[in-house]
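A short write-up of the structure that comes next.
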Amino acid sequence: MATRGERRPAAAGALLARAWRAVVWYGKGLTGESRYDAYVVHARAAHPDREPMGRDAYWRDYAKWQDANPQGRCC
């Protein structure tokens with residue numbers, strides 16, 4: 001049977017992995033990268049007969065939409 005001290009490194013590793021996933025999730029949300037992932041999930045659910053746009057096509061379309069519909073933003 002493993003002692004408490006032997007389990008600690010595994011728990012620390014799991015905690016570190018969880019923290020890293022949280023940082024990555026936050027970074028993707030901050031940079032807008034998660035928008036494409038959300039679009040793909042929506043497109044597949046709402047339009048299963050169509051293939052979602054590729055990442056580059058999505059961002060071009062999104063940039064056009066932003067130019068046509070300006071909203072309050074810092075930059």
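Structure summary
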| quantity | calculated |
| --- | --- |
| Residues of the range 17-38 classified as touching a residue at least 12 places away in the same chain (Cβ under 8 Å) and surrounded by fewer than 11 Cβ atoms within 10 Å (Cβ to Cβ), total | 0 |
| Close pairs from the range 47-70: first surrounded by 10 or more Cβ atoms within 10 Å (Cβ to Cβ), partner small (Gly, Ala, Ser), Cβ under 6 Å, at least 6 apart | Pro52/Ala43 |
| Scope the range 2-50; condition at pLDDT 90 or above and touching a Ser or Thr at 6+ places or on another chain (Cβ under 9 Å); matching residues | Trp25 |
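The values are calculated or read from the model by the stated rules, or taken from the named source; none is laboratory data. None of these values were measured; they are calculated from a predicted model. Methodologically, a virtual Cβ is constructed for each residue, glycine included, from the backbone with ideal geometry; neighbour enumeration extends over all protein chains shown.
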